[in-house]
1. Among the numbered criteria (1) touching an Asp or Glu at 6+ places or on another chain (Cβ under 6 Å); (2) farther than 14 Å from residue 24 by Cβ; (3) hydrophobic (A, V, I, L, M, F, W, C), which one does residue 71 miss?
2. Can you find even one residue in segment 128-144 that is surrounded by 13 or more Cβ atoms within 10 Å (Cβ to Cβ), in contact (Cβ under 8 Å) with a residue 12 or more places away in the chain, among the aliphatic types (A, V, I, L, M) and farther than 12 Å from residue 5 by Cβ?
3. For the structure I just gave you, tell me whether residue 53 is modelled with pLDDT of 90 or more, touching a Gly at 6+ places or on another chain (Cβ under 8 Å) and polar (S, T, N, Q).
4. Would you say residue 62 is buried (at least 18 other Cβ atoms within 10 Å of the Cβ), of a type outside the set (Gly, Ala, Ser) and in contact (Cβ under 8 Å) with a residue 24 or more places away in the chain?
Amino acid sequence: MHNPINHPARATYRVLAGLIGLYLVVFGGIGAAATAGDGFFAQETDNVLGQGTNLANSLLSIVIGAIILIATVLGRNIDAAVNRLFSYVLMAIGLATLATIRTDANYLGHTLATSIVMMILGLGLLLAGMYGRVGSDEEHDAWQKARLEF
């Protein structure tokens, strides 16, 4: 793997991932409160923090954000793996909903702003996942040696 081990800014990336998880939980919580009376996959979206959402999207955001927060607290490469996984998930959701915004297939009630925010959050998580790995000094030295040989 060509991702850095023991990057000097890994604590910053860990904080970034924690903030992304916290944002998703807050967004989902406010969205769940705002859309509580609507249908689960309601097409008429409510605006929460400038983004369209429905109850399904709000609950999905809470779950993903909570998993990211738990992984961030646990640390020790669990967070790096979870961040990489959910970065791909968020970017896939952003792309899928971008393709279905003005159709009946917009089950998560995304607007253009929501899709863009999901893509940006996914990129932030990818950054945190790629540079947040920790390891022993031997692993770090092996990574440095492999990097310099390239």
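1. (2)
2. Within segment 128-144, one or more residues are surrounded by 13 or more Cβ atoms within 10 Å (Cβ to Cβ), in contact (Cβ under 8 Å) with a residue 12 or more places away in the chain, among the aliphatic types (A, V, I, L, M) and farther than 12 Å from residue 5 by Cβ.
3. Values: modelled with pLDDT of 90 or more: yes; touching a Gly at 6+ places or on another chain (Cβ under 8 Å): yes; polar (S, T, N, Q): yes.
Yes, satisfied.
4. Yes: the conditions hold for residue 62.
A quick yes/no check of all residues on (1) in a helix (DSSP H, G or I); (2) modelled with pLDDT of 95 or more; (3) in contact with a Cys (Cβ under 9 Å, 6 or more places away or on another chain); (4) not basic (Lys, Arg):
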{"site": "13", "(1), (2), (3), (4)": "yes, no, no, yes"}
{"site": "41", "(1), (2), (3), (4)": "no, no, no, yes"}
{"site": "60", "(1), (2), (3), (4)": "yes, yes, no, yes"}
{"site": "103", "(1), (2), (3), (4)": "no, no, no, yes"}
{"site": "108", "(1), (2), (3), (4)": "no, no, no, yes"}
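The values are calculated or read from the model by the stated rules, or taken from the named source; none is laboratory data. The model shown is predicted, which means the values in this text are computed figures rather than measured ones. Note: ideal-geometry Cβ built from the backbone for every residue, glycine included; neighbour counts use all protein chains shown.
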